[in-house]
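What follows draws every value from the coordinates through simple rules; no lab data is involved. Everything quoted here is computed from the prediction, not taken from an experiment. Positions of Cβ are generated from backbone atoms using ideal geometry, with glycine treated the same way; all protein chains shown enter the neighbour counts.
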Amino acid sequence: MALRRSREESRRGVASSLLIVGLANPGRDYEGSRHNVGGDAVRLVAVRRGLRFGLERRQRAVTATVSTPRGPVTLAVPTTFMNESGAALPPLLRRTSLEDLSRLVIVHDELDLEPGRLQLKRGGGLAGNNGLKSIAQAIGTNEFSRLRIGIGKPPSKEQGADYVLQRPTGARKVALADQVERAADAIELLLDYEFDDAQGRVNGARG
């Protein structure tokens with residue numbers, strides 16, 4: 001699906017072949033939490049590629065550009081809170097001139113996947129994720145791609161908010177860090193391969 005723009009909304013920046021956005025809450029209070037694994041994975045890719053994120057105040061995100069054989073790819077982490085992630089998307093899409101929204105990949109935590117599982121997919125439901133809801137509302141569609149990082153379900157539905165915002169300790173902390181590493185590996189597959197090839201490799205891997 002293409003996003004229409006007026007002449008006044010012309011891009012400012014480098015046209016990108018792919019826009020990869022990792023969701024997270026800002027601030028030290030949320031560092032290392034389950035809810036931040038999407039942003040952590042995108043940041044880790046930037047570190048691996050020797051890139052520094054630049055703060056884009058108007059776009060409400062930090063961004064970095066990766067050179068690939070198929071053209072530049074923009075990595076981004078919104079500076080908004082998770083539930084307001086959509087505020088960053090229209091400016092990012094204008095900056096990158098991305099019109100095919102299947103080339104927008106949102107990286108986020110997923111309660112409906114057990115820890116250790118990753119899933120790369122195009123479109124689909126929003127599964128109660130307020131960050132995804134905010135993005136879908138802001139850009140008028142949910143037909144964007146996602147890299148879902150499994151964090152498993154909380155002990156009860158009532159504990160959902162505490163569970164995702166919690167910073168695990170001990171073995172669970174180590175396991176979460178490993179999951180971020182594996183999610184960064186999956187993002188790098190998107191940089192090196194076409195989506196369908198990367199999808200087969202990510203979804204076929206065992207956690």
(request) Output the residues belonging to region 149-175 that are part of a helix (DSSP H, G or I) and on the phi > 0 side of the Ramachandran plot. (result) Gly170
(request) Hey, could you check region 104-135 for residues that are in contact with a Leu (Cβ under 7 Å, 6 or more places away or on another chain) and surrounded by fewer than 19 Cβ atoms within 10 Å (Cβ to Cβ) and say which is farthest from Ile151 (Cα to Cα)? (result) Lys133
(request) Run Val105 past the list (1) assigned to a strand (DSSP E or B); (2) more than 13 Å from the chain's Cα centre (by Cα) and report the number of the one that doesn't hold. (result) (2)
(request) Please find, within region 40-88, the residue that is farthest from Ala161 (Cα to Cα) out of those that are part of a strand (DSSP E or B) and among the hydroxyl-bearing types (Ser, Thr, Tyr). (result) Thr65
(request) Output the residues belonging to region 186-207 that are in a helix (DSSP H, G or I) and farther than 24 Å from Ala127 by Cα. (result) Glu188, Leu189, Leu191, Asp192, Asp197
(request) Please specify each residue of region 53-91 satisfying the condition of being among the aromatic types (Phe, Trp, Tyr) and under 16 Å from Ala138 (Cα atoms). (result) Phe81
(message) The conditions are (1) more than 16 Å from Gly22 (Cα to Cα); (2) within 17 Å of the chain's Cα centre (by Cα); (3) buried (at least 16 other Cβ atoms within 10 Å of the Cβ), and Leu189 fails exactly one of them. Which is it?
(response) (1)
(request) Would you mention how many residues in region 136-173 are exposed (fewer than 15 other Cβ atoms within 10 Å of the Cβ) and touching a His at 6+ places or on another chain (Cβ under 7 Å)? (result) 0
(message) For the list (1) surrounded by fewer than 20 Cβ atoms within 10 Å (Cβ to Cβ); (2) under 24 Å from Ala205 (Cα atoms), I need the number of the one condition that Glu31 fails.
(response) (2)
(message) So, in region 99-148, how many residues would count as being in contact (Cβ under 8 Å) with a residue 60 or more places away in the chain and of a type in the set (D, E, K, R)?
(response) 9
